[in-house]
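The structure appears right after this line, and notes come after that.
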Amino acid sequence: MAYLDGDWLELATPSGNTIRVLKASHPRARRLRLTVSTKGARVTYPQGTHPSQVNAFLRHNADWLEKKLGELNLVIEPLPPLRVGSPIEFPLRGEAITLDWAEGAYPRVVAYEGGLTLEIPRPHSRALPVARGLLASYFETQIRRDVSRWLAGYVPQLGLAPTALRIRPMKSLWGSLDTRDRINLDLALALAPPAALRYVLAHELCHLKVRNHSPRFWAHVEAIFPDWREQRDWLRQNGALLKAELDRLIADVAD
């Protein structure tokens, strides 16, 4: 059962746990929506929705919510924040790399074997937001480069193509296909091994054929990407850390 507490709902799950869910009405919301991130769970609903509808929606999704929060709990220790001039390590394309800093004539990312250098000109008053923007653009470029290459092979196989590709931080999903046949991909996939990104792309492309997750859908995924199970499992096991890594690297840009 879900209990009301100010801006929060407390949901008792079948396993005996209690989950706190932030509730928020939205003037443009058309349906109830449940999202999960490293910051917790949130339910968004159209203005005027009766509380009983919100409670019923949460109870219906209690198992899914508990599972997703359990996956996010894999991130136990908070990650060190991004600080100007302080080198850090993070995953890029599935490999641990070093991020360091240098002064330069203009802001840019310089890639080298095993790392990236952020070149930031003086003065450094806005160095951190500039650095976050540089990283976000760099990650998007990496994804677009891979996707354009793979699309050249997948589109003839499927006989269908997306109308557009949008890459942005996503709270709980890795990808989606909207009603206009536009594919959305999570920016955090730039940090994952290329095979994981390729699986998500193949998954969303197959939704051009079948809009649900029926056996017919998975048959299409199997046909164009036979290793999908391995990559799906990898994302389930490591995805929380990837999203947390992206959040600390580009948090201001994502917001």
#### Entry: Close pairs from region 227-252: first in a helix (DSSP H, G or I), partner aromatic (Phe, Trp, Tyr), Cβ under 7 Å, at least 6 apart
TRP228/TYR199; GLN231/TYR199; ARG232/TYR199; LEU235/TRP174; GLU245/PHE90; LEU249/PHE90
## Note on the structure
Note on ALA96: of the conditions (1) open to solvent by 60 Å² or more (accessible area, probe 1.4 Å); (2) closer than 23 Å to ALA188 by Cβ; (3) in contact (Cβ under 8 Å) with a residue 12 or more places away in the chain, unmet is (3)
### Query
Is there a residue being closer than 24 Å to GLY239 by Cβ and under 19 Å from the mean Cα position of the chain (by Cα) anywhere in region 116-129?
no
### Task
For region 138-168, enumerate the residues that are among the hydroxyl-bearing types (Ser, Thr, Tyr) and without any contact (Cβ under 8 Å) to a residue 12 or more places away in the chain.
THR141, SER148
### Task
Could you run through region 103-130 and say how many residues are without any contact (Cβ under 8 Å) to a residue 24 or more places away in the chain, open to solvent by less than 40 Å² (accessible area, probe 1.4 Å) and assigned to a strand (DSSP E or B)?
4
### Task
Kindly indicate the residue of region 222-241 that is among the hydrophobic types (A, V, I, L, M, F, W, C) and under 15 Å from the mean Cα position of the chain (by Cα) and also farthest from ALA41 (Cα to Cα) among those meeting that condition.
TRP234
#### Entry: Matching residues, region 132-156, being of a type in the set (A, V, I, L, M) and in contact with an Asp or Glu (Cβ under 8 Å, 6 or more places away or on another chain)
none
### Query
Which residues, taken from region 28-41, are in contact (Cβ under 8 Å) with a residue 60 or more places away in the chain and either exposed (fewer than 12 other Cβ atoms within 10 Å of the Cβ) or touching a Leu at 6+ places or on another chain (Cβ under 8 Å) (or both)?
VAL36, SER37, THR38
### Summary
Scanning region 131-161 residue by residue, those open to solvent by 30 Å² or more (accessible area, probe 1.4 Å) and over 30 Å from SER86 (Cα atoms) turn out to be SER148, ARG149, LEU151, ALA152, GLY153, VAL155, PRO156, GLN157, GLY159, LEU160, ALA161
### Query
Quick one: what pairs do we get from region 206-221, first residue touching a residue at least 40 places away in the same chain (Cβ under 8 Å), second of a type in the set (D, E, K, R) and in a loop (DSSP other than H, G, I, E, B), C-beta under 8 Å, 6+ apart or different chains?
LEU208/ASP181; HIS220/LYS209
### Message
I'd like the residue in region 169-202 that is open to solvent by 10 Å² or more (accessible area, probe 1.4 Å) and among the acidic types (Asp, Glu) and, out of all such residues, is farthest from ASP146 (Cα to Cα).
### Response
ASP178
### Query
Does LEU205 qualify as being closer than 30 Å to ARG83 by Cβ and crowded, with 19+ Cβ neighbours inside 10 Å?
no
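The values are calculated or read from the model by the stated rules, or taken from the named source; none is laboratory data. Keep in mind that this is a model prediction, so the values were computed, not measured. Please note: Cβ atoms are built from the backbone with ideal geometry, for glycine as well, and neighbour counts cover all protein chains shown. Accessible surface is based on the protein model in full, side chains and every heavy atom, while ligands, DNA and RNA are left aside. Shrake-Rupley method; radii C 1.70, N 1.55, O 1.52, S 1.80 Å.
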